[in-house]
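The values are calculated or read from the model by the stated rules, or taken from the named source; none is laboratory data. This is a predicted model, so every value here is computed, not measured. Neighbour counts run over all protein chains shown; Cβ positions are idealised from the backbone, glycine included.
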Amino acid sequence: MARRRSEREKESHRQWLTNNADRVRETKRAWRKANADKIRAQKRARYRARLDEERAKDRARYAANPERKKASAKAWREANPERKRAATRAWRKRDKAKRAADAEKQLAAKREKKNAQRRARYAANPERARARSMAWHHAHREQALAKLKKRYANPSYLEKHRARETARYVAEPDKIKRRVKAWKKNHPEKVRAIGHRRRSRLIDSCSPGVLPAEWAALVERFAGRCAYCGTSGTTIDHIVPISKGGRDEIGNVLPACKSCNSSKNNKDLAVWLAEKGLADPRDRVSADHERVVPAEPRRSGEVDSRNTSTSLRLQRARLSGGRWSCRGG
Ligand SMILES: [Zn+2]
């Protein structure tokens with residue numbers, strides 16, 4: 001049980017300590033050495049507990065004599081090169097994300113400045129800017145095309161580009177139409193090439209062509225409406241696009257309004273339907289009708305007996321005999 005020391009005992013203890021000062025110092029030193037980690041942890045905890053205060057004290061000490069602090073820090077670094085390196089590494093690691101963000105911000109600012117300059121230059125004289133751009137394009141054709149190819153290969157850019165083009169068309173359809181017409185007029189050879197490409201693909205696919213009677217029957221089946229969205233107006237839409245090797249035959253076509261047709265363009269039907277949130281029109285053909293469309297374009301020479309009535313098949317065989325010459329068919 002603890003007992004309060006008497007004054008006499010306290011005095012004698014003090015006396016003993018004074019008489020054995022060396023021994024006391026030695027004991028204390030040994031204890032500190034044995035408990036260095038504990039002491040460090042305690043100091044750290046105390047520092048953290050009063051962080052603001054301690055930091056203010058540090059700053060004041062530094063301000064009072066920066067040279068002394070710098071010298072002592074330098075001496076420590078020189079005495080502990082390994083720990084200095086480890087500390088630097090740890091700091092870099094902590095600081096990495098921050099530095100990356102800073103760098104990105106700087107880069108963005110630079111980019112923005114440059115873009116602003118470009119916009120200003122363009123606004124000051126759009127004609128000259130366009131002429132210069134075209135001149136560069138023609139002088140560095142390979143490079144320019146590679147650049148464009150790379151840009152359009154990026155799906156997110158392509159999506160944005162398409163949205164922009166659509167918005168432009170919706171805003172001023174007549175202007176775009178005029179422009180397309182003018183382009184066609186100025187580039188008859190290119191227009192011819194496009195038509196030629198399409199026709200040669202048709203020939204390669206050994207397509208029998210769509211007979212007027214077949215087409216009329218199909219249009220009637222969809223009540224003269226777009227198979228996709230149900231508005232009136234019927235252009236021939238190739239389910240598997242000609243450019244993707246689809247055949248020009250009744251099994252590969254559906255009536256579509258102009259808007260759906262050009263929106264689908266050369267996309268995969270399933271992908272396009274999903275984009276538009278539309279149901280597959282082929283599923284709407286009721287069970288007592290024949291299924292309108294084969295799933296895959298057929299190879300040349302095969303006759304598809306599932307999808308066309310006998311009379312139509314006969315008619316087609318009669319009429320389409322020499323329509324296309326089949327290569328290697
Ligand atoms: Zn439509």
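Just to be sure before I move on: is residue 105 under 43 Å from the mean Cα position of the chain (by Cα) and at pLDDT below 90 in the structure I sent? The answer is no for residue 105. Restricting the first member to region 252-265 and to residues that are on the phi > 0 side of the Ramachandran plot, and the second to residues that are more than 9 Å from the ligand (Cβ to nearest atom) and of a type in the set (Phe, Trp, Tyr), the beta-carbon pairs closer than 9 Å and six or more apart or on different chains are 265/272. Scanning region 152-189 for residues that are surrounded by fewer than 12 Cβ atoms within 10 Å (Cβ to Cβ), more than 21 Å from residue 259 (Cα to Cα) and either among the aliphatic types (A, V, I, L, M) or touching a helix residue (DSSP H, G or I) at 6+ places or on another chain (Cβ under 8 Å) (or both) yields 152, 153, 182.
Can you confirm whether region 122-142 contains a residue that is polar (S, T, N, Q), surrounded by fewer than 10 Cβ atoms within 10 Å (Cβ to Cβ) and modelled with pLDDT of 90 or more? The answer is no; no qualifying residue exists. Condition test on residue 162, is it farther than 20 Å from residue 282 by Cα, more than 31 Å from the chain's Cα centre (by Cα) and either within 16 Å of the ligand (Cβ to nearest atom) or not small (Gly, Ala, Ser) (or both)? Criteria not met by residue 162. Starting from region 81-104, take each residue that is among the charged types (D, E, K, R) and list its partners that are assigned to a helix (DSSP H, G or I) and at pLDDT 90 or above, counting only C-beta distances under 6 angstrom and pairs at least six apart or across chains. Listed pairs, sorted by first residue: 84/77.
Quick one: in region 226-253, which of the residues that are near the ligand (Cβ under 10 Å from one of its atoms) and surrounded by 22 or more Cβ atoms within 10 Å (Cβ to Cβ) is nearest to residue 215 (Cα to Cα)? Before the answer, list the steps.
Initial filter on region 226-253 (near the ligand (Cβ under 10 Å from one of its atoms)): 226-235, 237.
Keeping just the survivors that are surrounded by 22 or more Cβ atoms within 10 Å (Cβ to Cβ) gives 226-228, 237.
On the way: 226: 13, 227: 13, 228: 16, 237: 11 Å.
The extreme case among them is 237.
Each row is one residue, and each column tells you yes or no for (1) touching a strand residue (DSSP E or B) at 6+ places or on another chain (Cβ under 8 Å); (2) touching a residue at least 40 places away in the same chain (Cβ under 8 Å); (3) part of a helix (DSSP H, G or I).
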| site | (1), (2), (3) |
| --- | --- |
| 179 | no, no, yes |
| 183 | no, no, yes |
| 190 | no, no, yes |
| 193 | no, no, yes |
| 196 | no, no, yes |
| 209 | no, yes, no |
| 213 | no, yes, yes |
| 223 | no, no, no |
| 228 | yes, yes, no |
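Among the residues of region 126-142, none qualifies, meaning not one is farther than 30 Å from residue 58 by Cα, under 24 Å from the mean Cα position of the chain (by Cα) and of a type in the set (Lys, Arg). Of all residues in region 254-265, exactly one satisfies the criterion of being surrounded by fewer than 22 Cβ atoms within 10 Å (Cβ to Cβ) and charged (D, E, K, R), namely 258.
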